[in-house]
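Data first, discussion second: the structure below is written as structure tokens.
The values are calculated or read from the model by the stated rules, or taken from the named source; none is laboratory data. All of these numbers come straight from a predicted model, not from anything done at the bench. Quick reminder, even Gly has a Cβ in these numbers, built from the backbone with ideal geometry, and neighbours come from all protein chains shown.
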Amino acid sequence: MAAPDSIKPFSPEDIQKILHHLQQPAVFMNMTRDWPVLHWTAEHLSGCLGDKLVRFRLGRKEETNTPLFETQCSYVEAKLAHFLSWTRGQAGTDVGPFFEYPESEYWAYADYKYIATLFQDQPSMFEDVRWSEFGFEGRNGRESTLWIGTEGANTPCHLDSYGCNLVLQVQGRKRWHLFPPDDTVNLYPTRIPYEESSVFSQVDVLHADLRRFPAFQAVRAHVVTLQPGQVLYVPRHWWHYVESVDPITVSVNSWIELEVDDVARVSEAVTKAVVCAFKSAPSDDNTDNWLNPTEEGMPSHNENMQYLNLAVRASAQRHRGLRHSEPTQDQRDTRPVKRDSRGQIRKSRDLVSDCVAFSVPFGPHLTPVRCQQECWPEAGGVVTEGPEVSSDTAPRAKLASAVRLHQGKYECSPSLTPPCDGADGMSENSSEDYEEPIHTTITTNDLLDCLVHPDVIAHVTKLLLQRHTGNRSTTTPS
């Protein structure tokens with residue numbers, strides 16, 4: 001009988017090399033067929049959890065042109081059996097605390113559930129998830145999170161600061177809208193709500209208000225609908241908005257924290273100190289629920305400054321160590337230092353192999369998530385594991401129509417272009433159509449959004465490190 005690895009399209013070593021070279025999101029297929037976790041349907045998990053209460057986030061099923069952040073949602077603690085009864089809409093069944101939320105008006109999401117906590121009394125279940133087959137030795141369900149939702153459940157558009165993601169779809173389908181790091185300026189980043197490891201977008205990417213966020217027209221959306229058994233790789237700093245498109249969805253997410261350089265740590269410490277200082281100051285316009293529920297609580301200003309000083313001190317010590325230490329063979333090498341998935345410096349023989357041209361083996365077992373503005377429908381994203389791989393034309397049309405809708409009278413053509421000139425060389429919008437800019441009161445959040453803008457934080461971080469390390473060549477965080 002053939003060993004499991006022999007029937008897989010890629011070995012763990014193959015996948016590690018692929019991930020090292022992948023510059024865009026991609027979907028792995030036919031890698032998880034024998035993983036026990038594929039039996040983790042909502043019904044199966046309900047039997048495993050029994051009377052254990054799970055926290056669900058609820059939001060209204062309504063189209064708006066503003067994101068629904070986690071700080072604006074309702075929350076209930078319920079059994080998974082209550083959740084299933086609620087989704088089925090059967091009269092007379094026990095739906096627990098969901099009875100206050102009509103299923104026709106709300107979606108529900110049990111998100112960010114750490115499997116290690118959820119099944120701490122059933123540790124054997126950790127082995128049902130086999131990330132070791134992706135080259136992450138020893139990694140399983142213990143280092144993963146579980147996500148269970150209804151149709152319409154979504155995660156606001158954001159990027160993860162420190163790591164990359166591997167996402168296994170178990171039940172139902174989820175649609176991912178992904179944007180490259182270069183689109184950060186077009187997505188209007190914000191740190192309110194605040195979460196240390198995430199930066200959110202102010203734009204509702206499905207119903208963008210282009211009068212408020214005109215630069216969103218330039219985004220390059222990569223869209224894919226993930227099917228059961230498929231694994232999506234999301235590189236570091238790729239923005240993503242995720243929505244469930246089936247009545248019940250279950251997925252498992254493994255967040256792989258990559259090596260984070262000292263500059264990035266200092267940058268995050270600066271952001272945290274500024275945000276907490278501003279939001280702890282009482283004022284009439286500073287009463288919003290700004291701390292994301294995933295955060296444990298707001299640290300004091302003293303704690304934040306201690307953390308900042310530790311981050312700067314670590315950077316200074318590393319800089320001094322590199323400056324005074326005897327150069328090693330790796331440091332004398334003129335090539336840039338390479339690190340593996342665990343952040344360790346890769347050995348010289350690995351570096352030599354990197355010099356050989358490597359082509360990511362896209363094909364029936366690995367498919368790139370393509371940019372919807374750059375490909376025709378027949379070359380689109382992944383939606384099936386079968387022999388035919390068709391495009392995600394529905395979300396592409398939905399996104400394009402939303403953009404056109406909110407362009408309003410400033411739209412000149414179906415393409416995402418700036419207003420065009422009329423035949424007489426003047427804009428089609430006459431002077432009588434011109435609207436004076438609306439001057440609104442500047443709020444604490446408005447000021448804060450500017451102060452913790454990534455470009456501003458990068459510059460402040462550079463100045464701090466130059467002052468305290470004496471390193472004039474300090475680079476800004478990516």
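Each residue in the stretch 56-95 was checked for being buried (at least 17 other Cβ atoms within 10 Å of the Cβ) and over 19 Å from residue 201 (Cβ atoms), and 14 of them qualify. The single condition among (1) surrounded by fewer than 19 Cβ atoms within 10 Å (Cβ to Cβ); (2) more than 19 Å from residue 244 (Cα to Cα) that residue 102 does not meet is (2). Note on the stretch 243-261: residues that are out of contact with any Lys or Arg (no Cβ under 8 Å at 6 or more places or on another chain), part of a loop (DSSP other than H, G, I, E, B) and modelled with pLDDT of 95 or more total 1. Among the residues of the stretch 104-117, which ones are touching a helix residue (DSSP H, G or I) at 6+ places or on another chain (Cβ under 7 Å) and in contact (Cβ under 8 Å) with a residue 40 or more places away in the chain? 108, 115 - these are the residues of the stretch 104-117 that are touching a helix residue (DSSP H, G or I) at 6+ places or on another chain (Cβ under 7 Å) and in contact (Cβ under 8 Å) with a residue 40 or more places away in the chain.
Each residue in the stretch 4-21 was checked for being buried (at least 16 other Cβ atoms within 10 Å of the Cβ) and assigned to a loop (DSSP other than H, G, I, E, B), and 2 of them qualify. All but one of (1) in a loop (DSSP other than H, G, I, E, B); (2) in contact with an Asp or Glu (Cβ under 7 Å, 6 or more places away or on another chain) hold for residue 282; state the number of the condition that does not hold. Exception for residue 282: condition (2). Among the residues making up the stretch 442-478, those that are within 18 Å of residue 190 (Cβ to Cβ), more than 23 Å from the chain's Cα centre (by Cα) and either at pLDDT below 90 or assigned to a loop (DSSP other than H, G, I, E, B) (or both) are 442, 443.
Inside the stretch 284-300, residues that are surrounded by fewer than 14 Cβ atoms within 10 Å (Cβ to Cβ) and in contact with a helix residue (DSSP H, G or I) (Cβ under 6 Å, 6 or more places away or on another chain) make up a count of 2.
Being at pLDDT below 95 and over 28 Å from residue 98 (Cα atoms) is true for just one of 160, 128. Which residue is that? After applying the criteria, what remains is 160.
Has the stretch 179-190 got any residue that is farther than 28 Å from residue 140 by Cβ and either touching a Gly at 6+ places or on another chain (Cβ under 8 Å) or among the aliphatic types (A, V, I, L, M) (or both)? The answer is yes; a qualifying residue exists.
Filtering the stretch 8-54 to residues that are under 24 Å from residue 357 (Cβ atoms) and among the acidic types (Asp, Glu) leaves 13, 14.
Those strands (runs of 3 or more DSSP E) of the stretch 35-138 in which at least 1 residues are assigned by TED's automatic domain parsing to the domain that holds residue 8 and on the phi > 0 side of the Ramachandran plot, considering only elements entirely within it, cover 106-114. If you go through the stretch 168-183 and pick out every residue that is farther than 24 Å from residue 456 by Cβ and assigned to a loop (DSSP other than H, G, I, E, B), you end up with 2.
Confirm whether residue 27 is in contact with a Lys or Arg (Cβ under 9 Å, 6 or more places away or on another chain), within 20 Å of residue 139 (Cβ to Cβ), at pLDDT 95 or above and not in a loop (DSSP other than H, G, I, E, B).
Taking the combined requirement at face value, the residue does not satisfy it.
When 277, 264, 269 are checked against the criterion of being farther than 22 Å from residue 110 by Cβ, free of Cβ contacts under 8 Å to residues at least 40 places away in the same chain and either in a helix (DSSP H, G or I) or not assigned by TED's automatic domain parsing to the domain that holds residue 61 (or both), a single residue qualifies: 277.
Selection of the stretch 10-28 for residues being under 21 Å from residue 251 (Cα atoms) and out of contact with any strand residue (DSSP E or B) (no Cβ under 7 Å at 6 or more places or on another chain) yields only 15. Taking the stretch 184-229 as the region of interest, the strands (runs of 3 or more DSSP E) fully inside it that hold 3 or more residues being closer than 15 Å to residue 449 by Cα are 189-195, 198-201.
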